[in-house]
Amino acid sequence: MTYGGSRLGNVARCAALAAGLAVFAGGILPAHAEPENSAWMMQKRMKAGVQDSNGTAATNWSNAGVAGVGRATTETRIVNDGSLTPFLSSDTSQTMQAAEQRYAQIVADGGWGKLAGGRLKKGSQGKDVAALNRRLFIEGYVRQEATEGQYADIFTSATADAVSRYQANHGLEVTGAVDNATLMELNVPAEARLATIRANLPRVAEYSKNLGNRYVVVNIPAAQIESVENGKVFSIHNAIVGRPLRPTPVVATNLVTIKFSPYWNAPASIVERDIVPRMLSGGPSKVMNEMNMKIYKGVGGPEVDPDSVDWRRAVVDDYQFRQEPGGENAMKTVKIEFNSPFGIYLHDTPEPRLFESAQRFYSSGCVRIQQVAILLNWILRGQDGITAARIAELADTKERLDVTLKDPPQLRVAYLTAWPGGNGTMAFRPDVYEVDGSGFVIGQPMPVGSSGPRFVLTEPPRSPQAVDAAEASGFFASVFGRNGNSNSDKQSGYLPSRSATAGSQDTTVSSGGNWTAEQPAGKKTAKATKLAQKKKLKKATDVASASAKPGDKMKPGAKPADKATVTAKPSDKCKPGTDGKLPAGCPTAAAKPNPKANEHTTATN
């Protein structure tokens, strides 16, 4: 059922779809997902300035109107009938400017009054219904006749239809009745809505540049993706985007490559923090089999028997841990790449149950797509003979295939907290990254709660290893049953603890809007990266020191920066004592890691 271009969530269909998909790790949600989101949601509700069921009230209206944590209120589906107003189109900027003038007049006229609590539904009557009809009329959801005459104080079919469209425009469960979540949205002041529209005016103006006839829009605050052709929405997908501590960056570019059944090469940070401890407790070979993973001596080197290595002393940089294609792969069936200095990508996921959540802010910056095969088929349009049937076959057989797109659609990873909702109405979403009012249009939002600027135009480009390390932290939380918020969250918000700037990607943010990256990203990120590098060097030295022999000689010219700290033969002053220990201040030995191991960690991804 569709109401004039609005997004109506069909919870039953969405749940049935997700129930039919295989879920990795027994379908268990990541340990961090629901608690983190629940706390965040409650904080937003506390800030909303609306009396909740417990009587709590606050005053920060900029964060109002977040729907309660629960099941998804939006659905993934093929549209392709012109009924849905796109997030972005060639005339969105003009429509938004008209909306800004209209809401400015509403504010000048005194805004709208606050509605009383209590559930209202079809058939309800009285002064509270009359106030609701007037409120809906002000924002263009009912005609003036609904506020006059014998039906002015009756909750009619027209009122129910208007409430349904209002709920869809605000990402709420569509019931046609006024519940607590709907009341919270209705009671957001007109001044706050006007401010939100004004924050989005420069965004839609920039994002809509050079869109072309075919494009994909990821709307971060809505956690949804649209494919659009000739101004008509073809499909809309539920998405999983970056959590507030690891925000998804905003970019405008074109899609480049589709990689079917990609290998996932585990970054050293994940190997050290998650995989090796699990191997030590569960047995190396057994764990590798369970994870469908193989180990190689260096990138492209010979395969290693997991049981032949002492993982308590091994330097993980000397090994390549490669997860084979398949349902348990962190990317699952496909990875969609595009040029970006932030190194993010779109991909499938082995955790489809997360799409059932109303608030889908779980990733470390990359974007996960529900029913990705629909989007792939639309992007490829039969290129190289790849049809819908071939896409299903590739997912089934786990065949490796990389496809460079010949006529790629444009991509906008956008931050829209307001956009046209159809029939003269406006759609709104919460400012999840708290950047409205900061002038944010493009670039990398900084973690929520961090001090300093709310965003940067660029950061030191992240290597594929660093991106995969961050993105996989949430995935491995469900595998290992640990909290997904690593120390890197605290250090830099979105850079993993072993992040590196080697393997930098293209520094052009946009091929469509001519946005150019600027270097560097600021002192805080650089400081966090430097601290992480120091920790890495210290750990490598400590590991090697435990197994070094007193007779080892230092490699000529070795420096701490080379991570080669093997010591020379002990001098007379540094001979071991009767207890076998070296005097304080004497150098220790360290093995030299393979400098190329990390550089090419994700070469096959």
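Can you give me the number of residues within the stretch 166-216 that are outside any helix (DSSP H, G or I) and either farther than 23 Å from residue 359 by Cβ or touching a helix residue (DSSP H, G or I) at 6+ places or on another chain (Cβ under 8 Å) (or both)? Step through it out loud before you land on a result.
To start, the set of residues in the stretch 166-216 that are outside any helix (DSSP H, G or I) comprises 170-179, 187-189, 208-216.
With either farther than 23 Å from residue 359 by Cβ or touching a helix residue (DSSP H, G or I) at 6+ places or on another chain (Cβ under 8 Å) (or both) added as a condition, the list becomes 170, 172-178, 188-189, 208-216.
Final tally of qualifying residues: 19.
May I ask you to list the residues in the stretch 248-283 that are in a loop (DSSP other than H, G, I, E, B) and within 30 Å of residue 435 (Cα to Cα)? Working first, answer last.
As a first pass, look at the stretch 248-283 and keep what is in a loop (DSSP other than H, G, I, E, B): 248-249, 261-263, 267, 283.
Of everything in the stretch 248-283, those that are in a loop (DSSP other than H, G, I, E, B) and within 30 Å of residue 435 (Cα to Cα) turn out to be 248, 249.
Just to be sure before I move on: is residue 298 of a type in the set (Gly, Ala, Ser), surrounded by fewer than 20 Cβ atoms within 10 Å (Cβ to Cβ) and touching a residue at least 12 places away in the same chain (Cβ under 8 Å) in the structure I sent? I'd like the intermediate steps shown before the answer.
Details: of a type in the set (Gly, Ala, Ser): yes; surrounded by fewer than 20 Cβ atoms within 10 Å (Cβ to Cβ): yes; touching a residue at least 12 places away in the same chain (Cβ under 8 Å): yes.
In short, yes.
Could you list, in sequence order, all residues of the stretch 309-326 that are in contact with a Leu (Cβ under 9 Å, 6 or more places away or on another chain) and among the hydrophobic types (A, V, I, L, M, F, W, C)?
First, pick out the residues of the stretch 309-326 that are in contact with a Leu (Cβ under 9 Å, 6 or more places away or on another chain): 311-312.
Once the filter is applied, which keeps residues that are in contact with a Leu (Cβ under 9 Å, 6 or more places away or on another chain) and among the hydrophobic types (A, V, I, L, M, F, W, C), the stretch 309-326 yields only 311.
Does residue 372 meet the test of being surrounded by 21 or more Cβ atoms within 10 Å (Cβ to Cβ), hydrophobic (A, V, I, L, M, F, W, C) and touching a Pro at 6+ places or on another chain (Cβ under 9 Å)? Reasoning before the result, please.
On the way: surrounded by 21 or more Cβ atoms within 10 Å (Cβ to Cβ): yes; hydrophobic (A, V, I, L, M, F, W, C): yes; touching a Pro at 6+ places or on another chain (Cβ under 9 Å): no.
So residue 372 fails the test.
Any residue that is within 24 Å of the chain's Cα centre (by Cα) and surrounded by fewer than 20 Cβ atoms within 10 Å (Cβ to Cβ) - is there at least one of those in the stretch 183-192?
Within the stretch 183-192, none of the residues are within 24 Å of the chain's Cα centre (by Cα) and surrounded by fewer than 20 Cβ atoms within 10 Å (Cβ to Cβ).
What is the number of the single condition among (1) in a helix (DSSP H, G or I); (2) of a type in the set (Val, Ile, Thr); (3) out of contact with any helix residue (DSSP H, G or I) (no Cβ under 6 Å at 6 or more places or on another chain) that residue 225 does not meet?
Condition (1) is where residue 225 drops out.
Please note which strands (runs of 3 or more DSSP E) are completely contained in the stretch 302-408 and include at least 3 residues that are of a type outside the set (Val, Ile, Thr).
Details: elements: 319-323, 334-338, 361-363, 367-369, 401-404.
Once the strands (runs of 3 or more DSSP E) in the stretch 302-408 are filtered for at least 3 residues that are of a type outside the set (Val, Ile, Thr), what remains is 319-323, 334-338, 361-363.
Does any residue in the stretch 441-460 that is of a type in the set (D, E, K, R) come within less than 6 Å, Cβ to Cβ, of a residue that is not in a loop (DSSP other than H, G, I, E, B) six or more places away or on a different chain, and which pairs are these?
Close Cβ pairs satisfying both conditions: 459/444; 459/525.
Answer with yes or no whether residue 107 is touching a residue at least 40 places away in the same chain (Cβ under 8 Å), surrounded by 21 or more Cβ atoms within 10 Å (Cβ to Cβ) and under 25 Å from residue 420 (Cβ atoms). Explain how you work it out, then say what you get.
Values: touching a residue at least 40 places away in the same chain (Cβ under 8 Å): yes; surrounded by 21 or more Cβ atoms within 10 Å (Cβ to Cβ): no; under 25 Å from residue 420 (Cβ atoms): yes.
No, not satisfied.
With respect to residue 82, determine if the residue is exposed (fewer than 14 other Cβ atoms within 10 Å of the Cβ), in a loop (DSSP other than H, G, I, E, B) and modelled with pLDDT of 95 or more. If you could, list the steps in order and put the result at the bottom.
Working: exposed (fewer than 14 other Cβ atoms within 10 Å of the Cβ): yes; in a loop (DSSP other than H, G, I, E, B): yes; modelled with pLDDT of 95 or more: no.
In short, no.
Please indicate, with yes or no, whether at least one residue in the stretch 135-156 is among the hydrophobic types (A, V, I, L, M, F, W, C), within 38 Å of the chain's Cα centre (by Cα) and not in a helix (DSSP H, G or I).
As a first pass, look at the stretch 135-156 and keep what is among the hydrophobic types (A, V, I, L, M, F, W, C): 136-138, 142, 146, 152, 154-155.
From what is left, the residues that are within 38 Å of the chain's Cα centre (by Cα) are 136-138, 142.
Filter once more, so that each one left must be not in a helix (DSSP H, G or I): 142.
Within the stretch 135-156 (the criterion being among the hydrophobic types (A, V, I, L, M, F, W, C), within 38 Å of the chain's Cα centre (by Cα) and not in a helix (DSSP H, G or I)), the answer is yes, since at least one residue qualifies.
The values are calculated or read from the model by the stated rules, or taken from the named source; none is laboratory data. Because the structure is predicted, anything quoted here is derived from the model rather than measured. Don't worry about glycine lacking a Cβ; one is built from the backbone with ideal geometry, like all the others, and counts go over all protein chains shown.
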